C-alpha cells in the first residue's frame, strides 16, 4: 500500500471565536499533512513552481476575535510560506494558514498576503482584508443566582439536648435564610444555621428545611429529620467518602467526606495508613498538595460519640504524575460551510479498565450571524458512572455515587455567555426524555461562581455499547419554563431549540433538548462542531473509545453527507507514545480511537488524515 502525503491543505475562511473552557483544549485553526491511504500507486508533475489554487479570503470579525487566513497551493515539495501584513513579513507566520492576535479596531483594514516558495520559484497571493467591528459595549454586572452546596443533615439527639442544622450556599449577596419546621416558617430563624430549643420526645421525626434567597432566585433545601431518643445512639456511617479510590494529579489536594448519623455530639478522626492525622477532625478532610509518596495511601475516618464509634471503609488515593492527552481530533467539513445545521457520529467504548478519571469531550459551538456570542453543546464520554436522581442542584462536585470503569455518556449544556458577562441571566439549559435512566442535574463547574452546567447522564454502563449521536437544529420556543433548573431565572425572549439524540439500538433512544436564548442561533461553527478532545489522568487502567460514521447536514444541502477528513489537535501531551488518537480497523471498517494503551503508534498533532466513510 502506498502512502501519499499532500501538504498545504487549508479551510478558506476558517475562524473560531468560541470561548474556550479554562484548562481544556479548544481546537483552533491548524494546518498539517493529509494522510491518504491508497491501494494503488501515484504520480506527480515534475518540478512545478508554486501555483495558488485557493486565495486567502477577506474576513470580517468583531473585536477581540482573531481572524484566520489560509491558502491552498500546489507545486513541488517542500513548499514554504511567509505571511505579510501591509507588505511587511510577519515573524513566525510560516504555515499555510495564519491566525492574527486578538483584533482591535486598529487592525481594521489591514491587508494580508502570503508568498509561497519552493526550489523552482515563488508566487504571492492576492490581498485579503480584515474588517474589524468594534466589540459591543456590555454594561453587565452579573448577579449570581443562589445555589445550595451543603444541605442540612439529619440529627440524632437525646432529649432535652438541642439540635443544630446548617446550610451552605453560593450566590450574589445579600443572601437571606428562613428555616422551616414541618413546612412552616420558624420565627427568628434567619441565619445559615438553626439551633432548636431543648428537644422533647414529641419532636422525634420533625423535618427541617431552609429557604435560601437572593435578588435572583429562591431555593428550598432537602429536608433534614430530627430523631429524639431517650439514650445515646451509636454512630452509623450512611455515606462513605468514596466507593474504592480517589484520583488526583500530583501537586493537587484530595478531599474526603463522610456522612454519619448518631446522637450528637459526633467527633471525627481521619487516619492515613492506619495512623491518625493531626487536626483532621471534621466530617471533611483535605490533604496537603500531594506527592508521589502519597500514591496508594489509604484513608479512613472514625466517627465517635458517647455510645460508640464507627469506622469508614478505606479509600485508596491514586496520585498521578500528569494529565495526558488534552489533544484530540475534529472533522474537516468540505468547504467550511457557514450553514451547518447538524453533525452525527457513532462511538463505542471498546476497553475500560480505568482506575483514574478519563474523559473524551464532544464539543460543539452554536452562533447567530452578526452576534459575538457563541453557545455550547457537549456530548462527553466519561470512564466512570455517576448515579443520581433527576433535578439535582449543587455546587461541585456533582451529586451522586461514582463508580470507575463503568463508562457513561453525559450530554450537557454549559452556560459560558452568562459566566463571561455577555448575558444578564441563565440562558442555556437541557432536558431529558427519560428522567429515570438519563436524569439531569445542574452544578457549578469546578465551583466557579456563575459558571453553570446541566448534565443528562446515562445511568447504566456504556461499556461496549455502540451508539449513534446526532446533534441537529430544531425550531424556536417562547416558553422555556420546562427547562428551568434550581429555580434559576432564565432570560426572557424566544429561544432556539437543538436536539441531541442518542440511539443505542437495542438499548433504546434518548432525546435531550437544548435551548439557547437567541432564535437566530441556527448554525454550528464548522471549526468547532463534532470536536473530540480529552482529559486523561495518568493513572492505572486502559481506556479505548472509538469513533466513526461521521456525517453532517447543512441548510443548503439538507441531506446527511459523510465526512472523511479529520485534523488532530495541537495540544498533545508531548511524547505521543503513551496516549493519543490513531486509526484502527474493526470488521473491515476504519475507526478513530482514543487510547492510552502503550505500544500503539499515535498520530502527531496538527495532522490532517482520512478514514473511509
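The values are calculated or read from the model by the stated rules, or taken from the named source; none is laboratory data. Since the structure is predicted, the reported quantities are computational estimates derived from the model, not experimental observations. Virtual Cβ from ideal backbone geometry, glycine too; neighbours counted across all protein chains shown.
The figures follow:
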quantity	calculated
Qualifying residue in the range 354-364 (condition: at pLDDT below 85 and more than 30 Å from residue 511 (Cβ to Cβ))	yes
Filter result (in contact (Cβ under 8 Å) with a residue 24 or more places away in the chain and surrounded by 15 or more Cβ atoms within 10 Å (Cβ to Cβ)) within the range 260-282	260, 261, 262, 263, 264, 266, 268, 269, 270, 271, 272
Number of the condition not met by residue 64 [criteria: (1) within 30 Å of residue 376 (Cα to Cα); (2) at pLDDT below 85; (3) crowded, with 18+ Cβ neighbours inside 10 Å]	(3)
Lone qualifier among 545, 514 - being at pLDDT 95 or above, over 30 Å from residue 148 (Cα atoms) and surrounded by 21 or more Cβ atoms within 10 Å (Cβ to Cβ)	545
Test for residue 78: is it part of a loop (DSSP other than H, G, I, E, B), under 30 Å from residue 220 (Cβ atoms), modelled with pLDDT of 85 or more and not assigned by TED's automatic domain parsing to the domain that holds residue 398	no
Residues located in the range 483-496, provided they are part of a strand (DSSP E or B) and at pLDDT below 95	490
Test: residue in the range 380-396 that is closer than 16 Å to residue 524 by Cβ and assigned by TED's automatic domain parsing to the domain that holds residue 433	no
Residue list for the range 321-336, restricted to those being surrounded by 22 or more Cβ atoms within 10 Å (Cβ to Cβ) and modelled with pLDDT under 85	324, 325, 327
Residue match in the range 444-457 (condition: over 25 Å from residue 253 (Cβ atoms) and more than 15 Å from the chain's Cα centre (by Cα))	no
Whichever residue in the range 392-409 is modelled with pLDDT of 90 or more and surrounded by 21 or more Cβ atoms within 10 Å (Cβ to Cβ) and, among such residues, is farthest from the chain's Cα centre (by Cα)	407
Residue within the range 457-466 that is surrounded by fewer than 21 Cβ atoms within 10 Å (Cβ to Cβ), in the same structural domain as residue 430 (by TED's automatic domain parsing) and over 28 Å from residue 404 (Cβ atoms) present	no
Selected residue [over 17 Å from the mean Cα position of the chain (by Cα) and at pLDDT 95 or above] from 412, 467, 389	467
Residue list for the range 375-385, restricted to those being in a strand (DSSP E or B) and under 15 Å from the mean Cα position of the chain (by Cα)	375, 376, 377, 378, 379, 380, 381, 382
Qualifying residue in the range 291-299 (condition: more than 30 Å from the chain's Cα centre (by Cα) and touching a residue at least 40 places away in the same chain (Cβ under 8 Å))	no
Residue within the range 219-242 that is within 30 Å of residue 161 (Cα to Cα), out of contact with any strand residue (DSSP E or B) (no Cβ under 7 Å at 6 or more places or on another chain) and modelled with pLDDT of 90 or more present	no
Selection within the range 420-442 - more than 21 Å from residue 497 (Cβ to Cβ) and in contact (Cβ under 8 Å) with a residue 60 or more places away in the chain	420, 421, 424, 437
Condition check for residue 578: in the same structural domain as residue 335 (by TED's automatic domain parsing), farther than 30 Å from residue 147 by Cα, modelled with pLDDT under 95 and buried (at least 19 other Cβ atoms within 10 Å of the Cβ)	yes
Residues satisfying the stated conditions in the range 345-366, i.e. part of a strand (DSSP E or B) and surrounded by fewer than 22 Cβ atoms within 10 Å (Cβ to Cβ)	346, 348, 350, 351, 359
